[in-house]
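See below for the structure under consideration.
Throughout, read-outs are computed from the coordinates displayed, never taken from laboratory work. From a predicted model like this one, the values you see are computed outputs, not experimental measurements. No Cβ is skipped: glycine too gets one built from the backbone with ideal geometry, and neighbour counts run over all protein chains shown.
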Amino acid sequence: MDPEEKPEKKEPSDEAADRPRRKKKKKKAAALKGRPASALARPADGSAPKPGGGGKGLVLIAAALALLIGVGVGWLVRGSRGGDVGATPDPATMSSSAAAAAASGGPCAAWSTTICEQAGAQSEACGQAKSASDLLGPEACNKALAEVPATLEKLKTARGACDQLVQKLCADLGPQTETCKMVKERTPQFPPGRCKEMLDGYDKVIGELKQMEKRNAPISAADAAKQRAGDGPSFGPADAKVAIVEYSDFECPFCSKAAETVTKLKEKYGNTVRFVFRQYPLPMHPNAALAAEAALAAHAQKKFWKYHDLMFANQKALDRASLEKYATEAGLDSAAFKKALDDHTYAEAVKADQKLGEELGVSGTPTMIVGTKRVANPTDFNAVSSMVDAELKAAGVAVPPPAPEAKETKPKEGKPKEGK
């Protein structure tokens, strides 16, 4: 063969040429398989659909969005093709908020507002309607508004499992329990599939919720008296008709927020109610147990509250050296303080507080009890104050006026303390 002669190039057979195309189609089909309906609105490579890409792509988007909100795809497909889409519904037939949304954002805003009003602002359907309204055109949304009753009926049918779950749980927990109220508030946010899963595993779900109800239920008068007894850290009259008990952990971030509530409680109710602070160091906090012992060592020297404030202000630094440093700042006898930590003098007292808390079902911090009632959020002073006021009125005790607000002072120059 002549060196310059090129070998004859063979044309690939039709079968060979078609093989890569078949593989590509299989890969694309595999990529689409199992993807959620919302993902069908995007190409297989994940890129956003091209605007103005023609009727076929828009029909697919419309169909996917219709599936998302649980309605038929007919009106969306017709609207995306520019067919008979109907006139804009009369605002007089809408709610005031939907009419306002229509005036400011058009039919799509009116549609999503209407769905959210009927399905619930926190519901999955509301979130999906808002997402769909951002992508649909005015014509499709006009048709969707006309179909709202049918849409809501489909949503009601789809949420049948959630309605059944609420009825069943509240019947077993008691309709007046706090846990039933929580179930009624949160279940509307669940997708129907999750409600069905919870019904399938009902025995486990009701068992856990009954334990929760036990932890959240009011305590007995006898237990309340036991909680306020003893000579642990406290403030207020020992014979006060209303007592507040808190279980806390010096390394717990939410406990530092609850400490701010306690300061305000002391300012308003310090001469009216009894407040008892109990130790409940959690096992995941490496320095919490020794910090609890240190707090009781400070209490033995009548400096608990000053030391309490120093630890919460610097709760990211609660190692042994830091605890000794705060003892000096609080004016404690350093030698006696160090010996108490060396000998773990107050370790048993910490364990006794933990055991007392466990008897009430305490499993986390902060836990706060006003009278016999458990506080839902100890970091919310206004909520706690309302509970205290109600207990004082029930006991025939005058509610003290709000504490005067501290005058604002110009902050001094310098580096703020850690944790502030």
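By how many nm would the segment from residue 117 to residue 302 grow when fully extended, if each residue of separation counts as 0.36 nm and the alpha-carbon distance is taken off?
Details: separation 185, 0.36 × 185 = 66.60 nm, distance 5.72 nm.
The residue 117-residue 302 span can extend by a further 60.9 nm.
Calculated FRET efficiency, residue 154 and residue 284, Cβ-Cβ r, R0 51 Å, to nearest 0.05? It would help to have the intermediate numbers written out before the result.
Details: r = 46 Å, r/R0 = 0.90.
About 0.65, to the nearest 0.05.
R0 = 35 Å: FRET efficiency of residue 222 with residue 345, Cβ-based, nearest 0.05? Intermediate values should be presented prior to the final figure.
Working: r = 30 Å, r/R0 = 0.86.
For residue 222 and residue 345, the calculated efficiency is 0.70.
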When the gyration tensor of segment 221-394 is built from Cα positions, what are the square roots of 5 times its three eigenvalues, in whole Å, from largest to smallest?
26, 16, 15
Could you give P(r) for segment 161-231, binned at 5 Å from zero, as whole percent values over all Cα-Cα pairs?
3, 15, 23, 21, 12, 7, 6, 6, 4, 2, 0
What's the center-to-center distance, using Cα atoms, between segment 125-171 and segment 271-341 in Å?
54
Along Cα→Cβ, 7 Å out, is where each label goes; now give me the distance between the ones at residue 202 and residue 325 in nm to one decimal.
5.8
Can you tell which of 182, 165, 209 lies farthest toward the positive end of the dipole of segment 159-216, using +1 and -1 charges on the Cβ of basic and acidic side chains (Lys, Arg; Asp, Glu)?
182
Just to be sure I understand the model, the point goes 7 Å from the Cα along the line to the Cβ. What's the resulting residue 97 to residue 186 distance in nm?
2.4
Nearest-0.05 FRET efficiency for residue 146 and residue 380, computed from C-beta distance (R0 51 Å):
0.70
The pairs in 257/316; 181/373; 303/325 lying past 18 Å Cα-Cα in this model are none
Taking a virtual spin label 7 Å from the Cα of residue 231 along the C-beta vector, which residues in segment 346-380 bring their backbone nitrogen under 19 Å of it?
346-353
